[in-house]
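Working notes, beginning with the structure itself.
The values are calculated or read from the model by the stated rules, or taken from the named source; none is laboratory data. Quick caveat, the model's predicted, so the values are computed rather than measured. All Cβ positions, even for glycine, are placed from backbone atoms using ideal geometry, and neighbour counts span all protein chains on display.
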Amino acid sequence: MTSQPILEVRDLVVEFATRDGVLTAINGVSFHVDRGEVLGLVGESGSGKSVTGLAILGLIDAPGRIASGSILLEGEDLTRMREAQLRRLRGKRLAMIFQDPMTTLNPVLRVDTQMIEAITAHEKVSHKAARAKARDALAKVGIPSPDERLASYPHQFSGGMRQRVAIAIALLHRPALLVADEPTTALDVTIQAQILSEVQTLAQEAGTALVWVTHDLSVVAGLADRVAVMYAGRIVEQGSVADVLENPAHPYTAGLIGSVPSRNRRGVPLSQIPGMTPSLAKLPPGCAFAPRCARADAGCRNDPPVVAFGTARMHRCFHPLVTAEAAA
Amino acid sequence: MLVYIIRRLGQSALVIAVMATLVFVAVYAVGNPVDILASPQADQQEIEAITRRLGLDRPLYEQYGLFVWNALHGDLGRSFVYNEPAVQLILKRLPATFELAMTALVIAVGVGIPLGLYAGLKPNSLGGHSVMAGSILGFSLPNFWQGLMLVLLFSVVLGWLPAGGRGQTVEILGLPVSFLTVDGLQHLLLPALNLALYKMALVIRLTRAGAREVMLQDYVRFARAKGLSQARVIGVHVLKNILIPVVTVLGLELGSMIAFAVVTETVFAYPGMGKLLIDSISRLDRPVIVAYLMMTVVIFVVINLVVDLIYAAIDPRVRLSEA
């Protein structure tokens, strides 16, 4: 018997009520994350990957709302929970880190305040014990002289250090799942690599599964076990990292891979995906990628169905680059 | 921090010096006080005697030099009317005005911040819209008219509160205060409310704008992702960030409340500095006017300084970058 996944998202739909009517930011997204697994959630800006992350934490604010679907954390449906129940899970079993480390820590509160409140929100411990725990957590993410640093304000830290503090806070309670919303995008490349490997190590130690939201395929290649590619609020392809990156089925995935600079194609101009991501208010009928797709034809005006193939792979395309038969 | 304070003190001294000159020259231009002080039957000789006694026969620069010299020794002249030192006259009235302004400030903050937070957190609710509509009234209705309406409603129609005066006072540290007696409080409430309404509207709008902006920040999202209670997120993470602009503006407004309580004090016949100023202007009592304006300038400068220091205390980024 296979163990129950830590997180299972089924047919999630998130809508935003705007002046121009209701926009569907997430349209029937399904995926799951196993215990200790790393799932890369890849897509361009506006593809809905960040909204998916926020929806898992129940942090979608009005005018947005989860319209339908379910989010099961260790078998419990988060979408049916009351806010108080959800609050007890946030920070404890479910954690999140954000893209810009310069803005995720409150600028007017000291680091120790922000760490200790995260501890005492879920544990009945003395202030002293909480402080000791906070100090150990800082030391663990590689912050030198953590005792002194606890009394500092966020602006006294560099960007990389702030992200480390955020990671330390997120992992304080050894959560079952950490949603990381592009936490390395705003950092220098060298710091990026350090943070990536540290999160990976820490998550493994704590047995924490990761949903790593990113637009950077090279990050996914180095970090994730499986990858889900999002486009205009839908997952268009999903599978193991090796399978998807080596043999992409969806033309969009292939386009993304083609636009990553590579040593093997030196001197050749980078290929680009023509056009831009469509506005959610003016989605083309059927496959949203069709207007930018070289393989599209009139049939692509219909909704492409989910096609499962190979080993635990799926795509949504009428004209996949890898056919089910070839992959099998 | 020390360098910062010294630099600020230097700027403050400069402002006071410039204002002293402006005030003195402006008041000199208003009119000749002897015309009002001397009785209508007075002959030329008597008028000249008064003019000489008050030192008004000397050229402007000499009068100015004497004024600056005396001012540096803490003497802003004697009132022509009361024949008392002008500063002493004003200081006698200052506690009443100060009490009025502080009460108004407490009302403005105590009511304004909760309402503003509510309107900022629920911008599309009926309550939120009502609060904002109310704050527009607070802004746009003239202060004296609000005062008259308060008197009309609470004193004349309902008869709940007295219409004017200061009521019973008790002495604390030698200063008469009225907020410790029931009668004094009743007299204080209406004028303080009148003075507070505009500031309340201002605090509501500042708090609401701040709340709407801060609620969108990543650190609020992160605080919620940590599993903090709503009370802690709003009461600590959001409020502390909103307070920075609110404290700045209120500090400046406190100065204007003390200095320009004139209208409220006139409407409610409240015996404060403002009423003294109006009386002195109509009698062309130059030393009192000048002393009043100089004290106002000093109060403004001091409050500004204190606000900057409080600001540095709330916002660690200011504190360190100026060090």
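Taken together, the residues in segment A:90-123 that are within 7 Å of chain B (Cβ to nearest Cβ), buried (at least 22 other Cβ atoms within 10 Å of the Cβ) and under 18 Å from the mean Cα position of the chain (by Cα) amount to 6. Applying the criterion of being modelled with pLDDT of 90 or more and among the charged types (D, E, K, R) to the residues of segment A:8-33, the residue that is surrounded by the fewest Cβ atoms within 10 Å (Cβ to Cβ) is A:Asp11.
Taking residues in segment A:136-147 that are touching a residue at least 40 places away in the same chain (Cβ under 8 Å), and partners anywhere that are part of a helix (DSSP H, G or I) and β-branched (Val, Ile, Thr), the pairs with Cβ atoms closer than 7 Å and at least 6 places apart or on different chains are A:Val141/A:Ile167.
In the set A:Val165, A:Val199, only one residue is touching a helix residue (DSSP H, G or I) at 6+ places or on another chain (Cβ under 9 Å), more than 20 Å from A:Glu117 (Cα to Cα) and at pLDDT 85 or above; that residue is A:Val199. Farther than 23 Å from A:Thr185 by Cβ, touching a Lys or Arg at 6+ places or on another chain (Cβ under 8 Å), among the small types (Gly, Ala, Ser) and not in a loop (DSSP other than H, G, I, E, B), is that true of A:Gly239? So A:Gly239 passes the test. The set of residues in segment B:237-262 being within 30 Å of the chain's Cα centre (by Cα) and at the interface with chain A (Cβ under 7 Å from one of its Cβ atoms) consists of B:Lys240, B:Asn241.
Tell me yes or no: at least one residue of segment B:131-141 is assigned to a loop (DSSP other than H, G, I, E, B), under 22 Å from the mean Cα position of the chain (by Cα) and of a type in the set (S, T, N, Q). Checking segment B:131-141: not a single residue is assigned to a loop (DSSP other than H, G, I, E, B), under 22 Å from the mean Cα position of the chain (by Cα) and of a type in the set (S, T, N, Q).
Being surrounded by 23 or more Cβ atoms within 10 Å (Cβ to Cβ), in contact with a Lys or Arg (Cβ under 6 Å, 6 or more places away or on another chain), modelled with pLDDT of 90 or more and not in a helix (DSSP H, G or I) is a condition met by at least one residue of segment A:215-232. Taking the conditions exactly as written (surrounded by fewer than 19 Cβ atoms within 10 Å (Cβ to Cβ), within 19 Å of B:Leu202 (Cα to Cα), at pLDDT below 85 and hydrophobic (A, V, I, L, M, F, W, C)), does B:Val307 satisfy them or not? For B:Val307, the condition - surrounded by fewer than 19 Cβ atoms within 10 Å (Cβ to Cβ), within 19 Å of B:Leu202 (Cα to Cα), at pLDDT below 85 and hydrophobic (A, V, I, L, M, F, W, C) - is met. Could you tell me whether segment A:57-73 includes any residue that is buried (at least 21 other Cβ atoms within 10 Å of the Cβ) and within 13 Å of chain B (Cβ to nearest Cβ)? Yes, segment A:57-73 contains a residue that is buried (at least 21 other Cβ atoms within 10 Å of the Cβ) and within 13 Å of chain B (Cβ to nearest Cβ). Selection of segment A:248-280 for residues being surrounded by 10 or more Cβ atoms within 10 Å (Cβ to Cβ) and small (Gly, Ala, Ser) yields A:Ala249, A:Ala254, A:Gly255, A:Gly258, A:Ser259, A:Ser262, A:Ser271, A:Gly275, A:Ser279.
Taking the numbered list (1) in contact with a Pro (Cβ under 9 Å, 6 or more places away or on another chain); (2) under 23 Å from B:Ile36 (Cα atoms); (3) of a type in the set (Val, Ile, Thr) in turn, B:Thr264 passes all entries but (2). For the residues B:Leu126, B:Leu202, B:Leu206, B:Leu117, the requirement of being closer than 25 Å to A:Ile60 by Cα, away from every other protein chain (no Cβ under 14 Å) and modelled with pLDDT of 90 or more singles out B:Leu117. Restricted to segment B:1-100, the set of helices (runs of 4 or more DSSP H) holding at least 2 residues that are surrounded by fewer than 14 Cβ atoms within 10 Å (Cβ to Cβ), without any contact (Cβ under 8 Å) to a residue 60 or more places away in the chain and under 29 Å from the mean Cα position of the chain (by Cα) comprises B:2-30, B:60-72.
If you check A:Ala242, A:Ala209, A:Ala186 for being more than 14 Å from the chain's Cα centre (by Cα), over 20 Å from A:Glu44 (Cα atoms) and of a type in the set (A, V, I, L, M), only one passes: A:Ala242.
Of all residues in segment B:158-173, those satisfying the criterion of being surrounded by fewer than 16 Cβ atoms within 10 Å (Cβ to Cβ) and within 24 Å of B:Ala201 (Cβ to Cβ) are B:Leu158, B:Trp160. Tell me yes or no: at least one residue of segment B:264-283 is within 14 Å of chain A (Cβ to nearest Cβ) and not aliphatic (A, V, I, L, M). No, every residue in segment B:264-283 fails to be within 14 Å of chain A (Cβ to nearest Cβ) and not aliphatic (A, V, I, L, M). Would you check if A:Leu39 is under 27 Å from B:Gln217 (Cβ atoms) and crowded, with 16+ Cβ neighbours inside 10 Å? So A:Leu39 fails the test.
The criterion of at least 1 residues that are farther than 27 Å from B:Glu84 by Cβ and of a type in the set (A, V, I, L, M) is met, among helices (runs of 4 or more DSSP H) falling completely within segment B:176-289, by B:182-215, B:218-225, B:239-259. Could you check segment A:175-185 and list, in sequence order, the residues that are at pLDDT 90 or above and in a loop (DSSP other than H, G, I, E, B)? A:Pro175, A:Ala176 - these are the residues of segment A:175-185 that are at pLDDT 90 or above and in a loop (DSSP other than H, G, I, E, B). Please verify whether B:Ser130 is surrounded by 12 or more Cβ atoms within 10 Å (Cβ to Cβ), free of Cβ contacts under 8 Å to residues at least 12 places away in the same chain and among the small types (Gly, Ala, Ser), treating the condition exactly as stated. Yes; evaluated as a whole, the condition is true for this residue.
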